[in-house]
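Here's the structure we're looking at; comments come further down.
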Amino acid sequence: MLPEVPSYVRVGPADDTVVAEESTSTYNSKMQDYTLVDCYQVFASAGFGATVSEELKTDPMAFRTEWLKKEGLSPERLAVIRAKGDSMEPTISNNDIILVNLCNGDALRDGLYVLRIGDSLLVKRLQFDVLGGIKVISDNPGYETQVVTKEQRADVHIVGRVAWAGKKF
């Protein structure tokens with residue numbers, strides 16, 4: 001015996017109003033488990049630096065609300081962008097989707113961050129030293145580690161910490 005097929009996926013003659021109401025109701029109940037996060041048509045360079053001229057919003061991306069809460073992430077402080085380049089391989093690959101927890105005076109700790117230096121937007125591993133400097137590290141050994149001194153720190157704007165990255169295979 002075949003399982004019952006919900007009316008909203010059935011093909012054939014049906015009352016369109018009932019099908020539409022059931023589809024909307026099912027969609028809305030399923031979407032209650034998700035939070036939409038703004039996506040931006042901007043690339044953070046996993047290479048030598050991508051220049052940003054405009055940050056255009058695109059269709060939002062859905063994340064499970066329960067997961068966001070468990071991770072301590074506030075939806076209004078999140079943004080989704082893409083990576084460009086290979087300097088963060090194998091951790092982050094070209095065109096990977098990155099969920100960024102935007103900084104807002106948070107205490108910074110070592111980890112993956114999106115940062116802006118001049119007009120360049122980068123995704124890099126950062127290590128903070130006790131003297132106020134930052135090591136800007138590429139996971140790909142083909143790229144050298146950069147050091148930002150305490151005096152140069154004003155030129156670096158840390159946009160946010162990478163909370164999640166999605167890969168396409």
- Query: Only one of (1) among the hydroxyl-bearing types (S, T, Y); (2) closer than 20 Å to V42 by Cβ; (3) surrounded by fewer than 19 Cβ atoms within 10 Å (Cβ to Cβ) is not met by S87, so which one is it?
  - Reply: (3)
- Task: Check off (1) among the aliphatic types (A, V, I, L, M); (2) part of a loop (DSSP other than H, G, I, E, B); (3) at pLDDT below 95; (4) out of contact with any Ser or Thr (no Cβ under 9 Å at 6 or more places or on another chain) for A14 and give me the number that stays unchecked.
- Result: (4)
- Query: Of the residues in segment 35-59, how many are of a type outside the set (K, R), within 16 Å of the chain's Cα centre (by Cα) and at pLDDT below 95?
  - Reply: 13
- Cβ pairs under 9 Å, 6+ apart, first in segment 86-97 and at positive phi, second buried (at least 16 other Cβ atoms within 10 Å of the Cβ): N95/F43; N95/R82; N95/A83; N95/K84
- Give me a count of the residues in segment 141-168 that are more than 20 Å from the chain's Cα centre (by Cα) and assigned to a loop (DSSP other than H, G, I, E, B). 9
- Item | In segment 110-140, residue farthest from L99 (Cα to Cα) [restricted to those that are open to solvent by 70 Å² or more (accessible area, probe 1.4 Å) and outside any strand (DSSP E or B)] | L131
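The values are calculated or read from the model by the stated rules, or taken from the named source; none is laboratory data. Remember, it's a predicted structure, so these values are computed and weren't measured experimentally. Here the Cβ is made from the backbone with ideal geometry for all residues, glycine too, and neighbour counts use every protein chain on show. These accessible areas exclude ligands, DNA and RNA; they are computed on the full protein's heavy atoms, side chains included. Shrake-Rupley method; radii C 1.70, N 1.55, O 1.52, S 1.80 Å.
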